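Take a look at the structure below.
No value in this document is a laboratory result; all are computed from the given coordinates. It should be emphasised that the depicted structure is a prediction, and the values quoted were computed from it without experimental measurement. Neighbour counts are summed over all protein chains in view; Cβ atoms, including those assigned to glycine, are modelled from backbone coordinates with ideal geometry.
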Amino acid sequence: MAQDSGRSAPGDAQLTVAVVDDARWDDLQQLFEGRGGPHYCWCMAWREMPSKLRGDKAAKKAELKGRVEDGTPVGIIGYVSGEPVAWCSVGPRASFRRLPENDNSAPAENVWSIVCFFIHRKFRGQGLTPRLIEAAVAYARQNGADVLEAYPVDKSSPSYHFMGLKSRFERAGFVNVGKTGKRRHVMQLRGT
């Protein structure tokens, strides 16, 4: 997958990024189940799964693992000095549920969505999110994405920060094309 370009301020963590696949599952599990990790949701909030299992942590984990085993793109994982420290959920828009319908995407386009980030507490504030966005864009484009969508919020939003901040996507070249709900923006990056 992509490796960080090395552009970081002095003292910032050097990040390498890999696609989550069978070989990386144990690393993702370590990250998610570590202190403060998103083990409560297993990044299944926006993915299809039986509604009766939505409250079951073990079922969410099994559902995500099943997607990885099937080869369905689920996201990328970031490492600092070989330690898994960051996650970005990115995949074909069709693999998610409940994402906003958007008249700006033609049905024939291959649209990928960036829906979630998690960075281990000790690595926050070190510029990893922009690097995860850059790696997610590269991954989606390598897989034929014509359009990337993200659903970030403004910094002042009281919730949904795990979906990213609008300003970070703007700096990455994404354009605001609308809003979904009261807080989330629909942002797109088109072309190569």
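Assorted remarks:
- Label sites at Glu83 and Arg35, each approximated as a point 7 angstrom past Cα along Cα to Cβ, lie 1.1 nm apart.
- About the Cα centre, charge dipole magnitude for the chain (Lys/Arg +1, Asp/Glu -1 at Cβ), debye: 820 debye
- Cβ-defined net charge surrounding Gly37, 14 Å radius [Lys, Arg +1; Asp, Glu -1]: +3
- Each peptide in 66-74, 24-32, 134-142 receives the mean, over its residues, of other Cβ atoms within 10 Å, and ordering these scores from highest gives 134-142, 24-32, 66-74.
- Viscosity 1.306 mPa s, temperature 10 °C, Stokes-Einstein D of segment 16-190 from Kirkwood C-alpha radius, µm²/s: 97 µm²/s
- Too-long pairs where the Cα-Cα distance tops 25 Å, listed order kept, from Lys155/Lys182; Lys122/Lys155; Lys122/Lys182: Lys122/Lys182
- Helical runs (DSSP H, four residues minimum) scored at -39500 (n - 2.57) apiece and divided by the length of the chain put the mean residue ellipticity at 222 nm at -7000 deg cm²/dmol.
- Compared with the direct C-alpha span, the chain from Ser167 to Asn143 gains 6.1 nm at full extension, assuming 0.36 nm per residue.
- Under the simplified labelling scheme, the Glu109-Trp25 pair shows an inter-label distance of 3.4 nm, with each label point 7 Å from Cα along Cα→Cβ.
- Spin-label model, Lys52 to Lys155: label points 7 Å out along the Cα-to-beta-carbon direction sit 4.7 nm apart.
- Among residues other than Ser156 with Cβ under 11 Å from its Cβ, the summed charge is +2 (Lys and Arg +1, Asp and Glu -1).
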